[in-house]
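The block underneath contains the structure these notes are about, expressed in structure tokens.
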Amino acid sequence: MEEQKMPLMEHLSELRKRIIICLVALLVAFLFTFSFSEYIFELLLFPLNYTPKFSIKEGIIFVWDQKLQNTKLVFLGPAEAFWMNMKIALVSGFILTIPLIFYQLWKFISPGLYAHEKKYVLPFVFSATGLFLVGVTFCYLIVLPFALNFLLNYKVGEFLMPMLSVGLYIDFLLKFLLAFGFVFELPILIVITTRMGLITPQTLKKYRKLAVVLAFVVAAIITPTPDAFNQTLMALPMIILYEVGIWVSIVLNRNREKKDGRS
């Protein structure tokens, strides 16, 4: 560790500096993505246009669905379409700046690390960014198409025609894309907490069964549909990520103990 602890005011000043850098980067990214928000909006129609199907030979395939012939996206207020584009640009800009945000987070916590740990900045940024993007992609390609197919077709019959508010539709998609992105950061959170000594890998292994139950509880809260299939789609990755976090923290702790023993 560094020889002298940073005073509280220096911590706050450093935190403010990192937040300002992130906000400036987010503003620049927002101005860029706002110019392409209509094209991003077309990409966000994918979960509505395509229905995932299981095939033994090909696995999961996406089949064009005719739901849009009956499902109309409308805006109910004069400013709704404008704010929809603003939200799309803001979230898209946030995703673009995710590597910088994680880098600034590392720079903020790095004074509390050992000298040999500070060199892990690139693995941290790449792994955290990669996990976030995997979570967003998983939600975009798997969870949302299944969820929308269920919600728009379950007990609808021939007498109901869905007519969705474009603002509510975009809010629905963006909320779950971000939620899944952050949930996939679970291994990073586990590694950080174990490195800080807040929890041990042995404790995580001891409460593995409880973690499985909590994964399904969180999945039931986060997933947009009440069916068990979509909840399992969320819970299984969380359980796998929990196990990955445990074993990565075990390996890192062993390496740390060896280096401490040599010094």
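With labels modelled as points extended 7 Å from the Cα through the Cβ direction, what inter-label distance (nm, one decimal) is found for LYS87 paired with LYS175?
Between LYS87 and LYS175, the label points sit 0.9 nm apart.
Quick check: Cα centre of segment 89-108 to Cα centre of segment 133-188, how many Å?
Here the two parts' Cα centres lie 23 Å apart.
Extension gain SER165-TYR39, at 0.36 nm per residue separation less the Cα-Cα distance, in nm?
The span from SER165 to TYR39 would gain 43.5 nm if fully extended.
State, to one decimal in nm, how far the label point of LEU198 lies from the label point of LYS155, with both points 7 Å from Cα in the Cβ direction.
Result: 4.1 nm between the two label points.
At a Förster radius of 35 Å, what calculated FRET efficiency corresponds to the Cβ-Cβ distance of PHE126 and VAL213, to the nearest 0.05?
The calculated FRET efficiency here is 0.65.
How would you rank 25-35, 9-19, highest first, on the average number of other Cβ atoms within 10 Å across their residues?
Highest mean packing first, the order is 25-35, 9-19.
Trypsin sites (Lys or Arg not before Pro) within segment 79-180: which are DSSP loop residues with at most 16 other Cβ atoms inside 10 Å? It would help to have the intermediate numbers written out before the result.
Details: sites: LYS87, LYS107, LYS118, LYS119, LYS155, LYS175; in loops: LYS155.
The qualifying sites are LYS155.
What's the exposure ranking of GLU80, GLU185, going from fewest to most Cβ atoms within 10 Å?
Numbers: GLU80 15, GLU185 19.
The fewest-first ordering by Cβ neighbours comes to GLU80, GLU185.
Which of the residue pairs LYS87/LYS206; LYS107/LYS205; LYS119/LYS205; LYS17/LYS209 have a Cα-Cα distance greater than 32 Å in the structure shown?
Working: LYS87/LYS206 42 Å; LYS107/LYS205 30 Å; LYS119/LYS205 28 Å; LYS17/LYS209 41 Å.
LYS87/LYS206; LYS17/LYS209, as the Cα separations exceed 32 Å there.
Need the full-extension length gain, LYS118 to GLU14, defined as separation in residues times 0.36 nm minus the C-alpha distance. One decimal, nm.
35.7 nm
None of the figures in this text is laboratory data; all of them are computed from the coordinates on show. Just so it is clear, the structure is predicted and the values come from calculations on it, not from any experiment. Note that each Cβ is placed from the backbone with ideal geometry, even for glycine, and that neighbours are counted across all protein chains shown.
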